[in-house]
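Participant: This is the structure I have questions about; it appears just below.
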Amino acid sequence: HRHVALHHSGDVGRQAGLGAGPAEAGGSPAGGPAPAGSAARPSGHSCSNPEISWALPDTSHVSRDDMTSIIFFLNILYLFAYLCHAMGSQVGEVLLYYCYCEVKDPEKLCAWQKALCQHLHLTGKVRVASEGINGTVGGSKVATSLYIKVMLSQPLFKNILCQEDFKSSAGGAHCFPDLRVGVFKEIVPMGIDPKIVSYKETGIHLSPQEFHREVEQYLSQASQGQSDTILLDCRNFYESKIGHFQGCLAPDIRKFSYFPSYVDENLELFKDKRVLMYCTGGIRCERGSAYLRSKAVCREVYQLKGGIHKYLEEFPDGFYRGKLFVFDDRYAICSNEDIISACRYCGVLWDQYKLCSSQHCRQLVLTCPSCCNKGLTACCPVCQEKELKVTSRASGQTLKEECECTRRRPRVPIENVSPRMLDTGK
């Protein structure tokens, strides 16, 4: 439904007899939305809100019978789009990117970004701050291509943002429920003022090829008990659970905003070590490596440029095993056939996330089809029981998220890792 409405409404109207080309209908030459106030308006009606009504088609020349047939035709196409989506058909792509730069007027950039995404019928999330922009958007390949072109021509990003900074994967507008563009203090929520820990103090960037060689050397030395390196996963535990680099240290933290506290509580772990950091697309490493360097305990701090996304483009069967978690309705994308995680209930190999079925809880759960059929759809027994209580009460009632998953996991774990374990890459 969403894809057809966003990307093919013009084609549907023309094929169903709404009129001739875009010029006659008042549309734009490129097939996108016409400028406000340029579309033909229904005769005999005043327009008090041109920002809304300009997008409505002129149906004054269409009879009731024709309108009914049009609706029938639309329903057929909507059904087809729904079936394609249900079967996993990919109709476009999803872009992931960020750019650290000085933004003097974040509100203006935010307004422009929202207008751009709406014009191109893109959905997704875009964060704007005085330190830059961070976005993941989905749409047709034509739309995402135009988006990249416009972003690269934007004077604010010129000579900073380049084509290689955009990571793409199969998907589309249907991967996001809507479009959310906003102004924030940080473009990635670490919880530290960017003026205190700046992206300008980041670690040394390594290309995917350089990072691959470093990991290869690290694993070789670790197997001989000679490594002085830590391969650090900067993501959350539910991300590293379904996919990670071999021999990595993956902190059991739920939010990136816990990362600074994790570093503070485990400073001895990083003392005099070479640290190789990585995350999904590289943005968390920018601030994470800067924070680690500010502690002045590591010998060297490196980070994977472009993140796992770019690494998998060049090394789909490299040292990263399992799936790559993504923050949209897909939850994960894969580059190899490895499954490294298990069903929360029966232990069978499984790596496809679902949201906990309890309304009060937004945690992700790994539960296989067999367990789902048995009604095991929550993240833990406490949530399962609470779900039954909520459904038996008045609708709309919400409860605070309190379950086994939250209570048993320390907010900031202290690593009891011996030098021998690090040397062997465990």
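Participant: In region 276-297, which residue that is among the hydrophobic types (A, V, I, L, M, F, W, C) and in contact with a strand residue (DSSP E or B) (Cβ under 8 Å, 6 or more places away or on another chain) is farthest from TYR199 (Cα to Cα)?
Facilitator: Applying the filter and picking the extreme gives LEU276.
Participant: Hey, can you tell me all the residues within region 166-200 that are modelled with pLDDT under 95, among the basic types (Lys, Arg) and in a loop (DSSP other than H, G, I, E, B)?
Facilitator: LYS195
Participant: Run ASP351 past the list (1) over 20 Å from GLU239 (Cβ atoms); (2) not assigned by the TED database to the domain that holds PHE211 and report the number of the one that doesn't hold.
Facilitator: (1)
Participant: Additional query: Mind checking which pairs have a first residue in region 360-378 that is in a helix (DSSP H, G or I) and a second that is among the charged types (D, E, K, R) and surrounded by fewer than 20 Cβ atoms within 10 Å (Cβ to Cβ), Cβ under 9 Å, 6 or more apart or different chains?
Facilitator: Between residues of region 360-378 that are in a helix (DSSP H, G or I) and residues that are among the charged types (D, E, K, R) and surrounded by fewer than 20 Cβ atoms within 10 Å (Cβ to Cβ), the close pairs are CYS371/ARG344; CYS372/LYS354.
Participant: Cβ-Cβ distance below 9 Å, separation of 6 or more or different chains: which pairs start in region 276-292 with a residue that is in contact (Cβ under 8 Å) with a residue 60 or more places away in the chain and end on one that is in a helix (DSSP H, G or I) and polar (S, T, N, Q)?
Facilitator: Listed pairs, sorted by first residue: MET277/SER289.
Participant: Within region 312-322, can you find the residues that are part of a loop (DSSP other than H, G, I, E, B) and either under 20 Å from the mean Cα position of the chain (by Cα) or not charged (D, E, K, R) (or both)?
Facilitator: Answer for region 312-322, where residues must be part of a loop (DSSP other than H, G, I, E, B) and either under 20 Å from the mean Cα position of the chain (by Cα) or not charged (D, E, K, R) (or both): PHE315, PRO316, GLY318, PHE319.
Participant: Please identify the pairs in which a residue from region 129-154 that is in contact (Cβ under 8 Å) with a residue 12 or more places away in the chain and open to solvent by 10 Å² or more (accessible area, probe 1.4 Å) has its Cβ atom under 7 Å from the Cβ atom of a residue that is part of a strand (DSSP E or B) and among the basic types (Lys, Arg), counting only partners at least 6 apart or on another chain.
Facilitator: Listed by first residue and then by second, the contacts come to ASN134/ARG127; THR136/LYS125.
The values are calculated or read from the model by the stated rules, or taken from the named source; none is laboratory data. Keep in mind that this is a model prediction, so the values were computed, not measured. All Cβ positions, even for glycine, are placed from backbone atoms using ideal geometry, and neighbour counts span all protein chains on display. For accessibility, only protein heavy atoms count, side chains too; no ligands or nucleic acids. Shrake-Rupley method; radii C 1.70, N 1.55, O 1.52, S 1.80 Å.
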